[in-house]
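*Asks:* Right, I'll just put the structure down here and ask away after.
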Amino acid sequence: ASVSRATMLPTMHSPSLGLNPSLSVSVPMMGNMQHKRGLRCSSSEADPGVSEKMQKQLEIVDQIIGMKEAIALQPYLRQNLALCDQDFWMAYMTRYDAAAEEDKERLKKLADNVMKILEFLLQERKDDEAMERIATIDRLVDEFIQAGNKEELTKVVNEKINMLTQDNNFWSRVAHRHDAATGTEEKERVATMARQVQEICKTYADRAGQSVTEANKSLQKVMTAGANEQGEWFLPLNDEELVRMRKALEEEQGGSEQLVNLAIAWMQKASENEEQEVQMVVGVIQKVLHLVSAVALSSDPELGCAKDAGTAEQLVHQILQAREERWDEILQTLNREGTVVATELLQQSDDLLQKVLFTLPAGSQKQRVMVEFIQELQTRVRKVYGVPEPTAANGGGL
């Protein structure tokens, strides 16, 4: 005999388990299972056409049905909670359909009991997850408070920026921590941290907040600055044209994340066109992206060269500010005159890479462009100095 789900288990259609209330199609019996008393289907009777997951769920159903002590049901369901989804109830119906008529009433009552336990366990898991989220936010708040200064706090915020943007409970938890603080000093520490984190987040938002229309105008302005009086580009662009482009870019605050995204999109579109004039646009946009990196490295105090920087650090920054076509010439001179060794240049450029990764929003296109910009310099250093490319075997990293 086959019974529809709507008739057999009206209480199982619970949104908390993700079950479909309209599901009323009978599940066919698996194989030719004949049962005179109870459900006695061992795992050795597995149907080869059944998925591994469904077979596991059938085994769980068999264990539940065969339990003699009700007290063992809850811990067993907790242990297998991940498998107690809608397919679990399909497996249960398979066993129900195969049961002898005198056993079906007992299986209905068992199903109601299982449903109540699963609802309790799911709520328990939600509560545990909520507590874990609170604990995670509290650890984040503590980490922010313990930052020694705003520079250190900026680095920590950058590392945790995804948590800040993805968890809407952060600021409400900060407010709770402020209200729950027992002393004036602790309240002030939380308040100061909150203000500084908001300022840092606003800075990131401002960098990426330019609209598409504004980015379009900005990118056109920078590119037009590199054209001649007739509005044409000739590659390679000369020094005067690059100076004009850099000045225009600096007037646009060095280029927003939206501008970089748009530049990459334009370059990819132009790359698909085989016309020579359109292909020339790719070279111009590449120059824009190089300038975005160079301007950021010279204008951002967190990325710029320190006043007390050593020779190698100063040289890395000087090379990155030069036009990319001259990098090889500069490096050849440094190598020939013995001014600096390759390992020092590579180490300083590695340090600069780390600054970029820690300072710019993780996963942003601007971060990616700047990383590639610095890595290109590292490739040139290795080529000119005859240093082999890094590999996993020799501990190569960035």
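The values are calculated or read from the model by the stated rules, or taken from the named source; none is laboratory data. Note that the structure is a prediction, hence the values are computed from the model and not measured. Virtual Cβ from ideal backbone geometry, glycine too; neighbours counted across all protein chains shown. To get the accessible areas, we keep the full protein, side chains included, count just its heavy atoms, and leave off ligands, DNA and RNA. Shrake-Rupley method; radii C 1.70, N 1.55, O 1.52, S 1.80 Å.
*Asks:* Any idea how many residues of region 265-296 are closer than 12 Å to L219 by Cα and open to solvent by less than 10 Å² (accessible area, probe 1.4 Å)?
*Replies:* Number satisfying all stated conditions: 4.
*Asks:* Select from region 372-388 the residues that are over 19 Å from L262 (Cβ atoms) and open to solvent by 20 Å² or more (accessible area, probe 1.4 Å) and list them in ascending order.
*Replies:* Once the filter is applied, which keeps residues that are over 19 Å from L262 (Cβ atoms) and open to solvent by 20 Å² or more (accessible area, probe 1.4 Å), region 372-388 yields Q375, E376, T379, R380, R382, K383, V384, Y385, G386, V387, P388.
*Asks:* Restricting attention to region 352-371, report how many residues are at pLDDT below 90, open to solvent by less than 50 Å² (accessible area, probe 1.4 Å) and among the polar types (S, T, N, Q).
*Replies:* Within region 352-371, residues that are at pLDDT below 90, open to solvent by less than 50 Å² (accessible area, probe 1.4 Å) and among the polar types (S, T, N, Q) number 2.
This table checks each residue for (1) aromatic (F, W, Y); (2) modelled with pLDDT of 85 or more; (3) assigned to a helix (DSSP H, G or I); (4) out of contact with any Phe, Trp or Tyr (no Cβ under 7 Å at 6 or more places or on another chain).
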residue	(1), (2), (3), (4)
L153	no, yes, yes, no
N162	no, no, yes, yes
N168	no, no, no, yes
K187	no, yes, yes, yes
V190	no, yes, yes, yes
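*Asks:* Regarding L259, is this residue under 25 Å from the mean Cα position of the chain (by Cα), surrounded by 20 or more Cβ atoms within 10 Å (Cβ to Cβ), at pLDDT 80 or above and outside any loop (DSSP other than H, G, I, E, B)?
*Replies:* The answer is yes for L259.
*Asks:* To continue, here is another question. Against the conditions (1) at pLDDT below 85; (2) in a helix (DSSP H, G or I); (3) open to solvent by 20 Å² or more (accessible area, probe 1.4 Å); (4) not charged (D, E, K, R), where does Q196 fall short? Just the number, please.
*Replies:* It is condition (1) that Q196 fails.
*Asks:* OK, next. Counting only residues that are at pLDDT below 50 and within 24 Å of E119 (Cα to Cα), give me the helices (runs of 4 or more DSSP H) lying completely in region 1-109 with at least 1 of them.
*Replies:* 5-8
*Asks:* Show the residue pairs meeting these rules: Cβ distance below 8 Å; 6+ apart or different chains; first residue within region 90-117 and farther than 16 Å from I60 by Cα and free of Cβ contacts under 8 Å to residues at least 24 places away in the same chain; second residue surrounded by 22 or more Cβ atoms within 10 Å (Cβ to Cβ) and of a type in the set (D, E, K, R).
*Replies:* none
*Asks:* What number goes with the only condition from (1) within 34 Å of the chain's Cα centre (by Cα); (2) touching a residue at least 24 places away in the same chain (Cβ under 8 Å); (3) surrounded by fewer than 17 Cβ atoms within 10 Å (Cβ to Cβ); (4) within 29 Å of E152 (Cβ to Cβ) that Q314 does not pass?
*Replies:* (2)
*Asks:* Does any residue in region 288-299 that is touching a residue at least 60 places away in the same chain (Cβ under 8 Å) come within less than 7 Å, Cβ to Cβ, of a residue that is open to solvent by 10 Å² or more (accessible area, probe 1.4 Å) and among the aromatic types (F, W, Y) six or more places away or on a different chain, and which pairs are these?
*Replies:* Listed by first residue and then by second, the contacts come to H290/F373; S293/F373.
*Asks:* Within region 212-241, track down each residue that is assigned to a helix (DSSP H, G or I), surrounded by 18 or more Cβ atoms within 10 Å (Cβ to Cβ) and touching a residue at least 60 places away in the same chain (Cβ under 8 Å).
*Replies:* L219, V222, M223
*Asks:* Further question on the same structure: Return the total of residues in region 127-150 being within 21 Å of the chain's Cα centre (by Cα) and open to solvent by 80 Å² or more (accessible area, probe 1.4 Å).
*Replies:* 4
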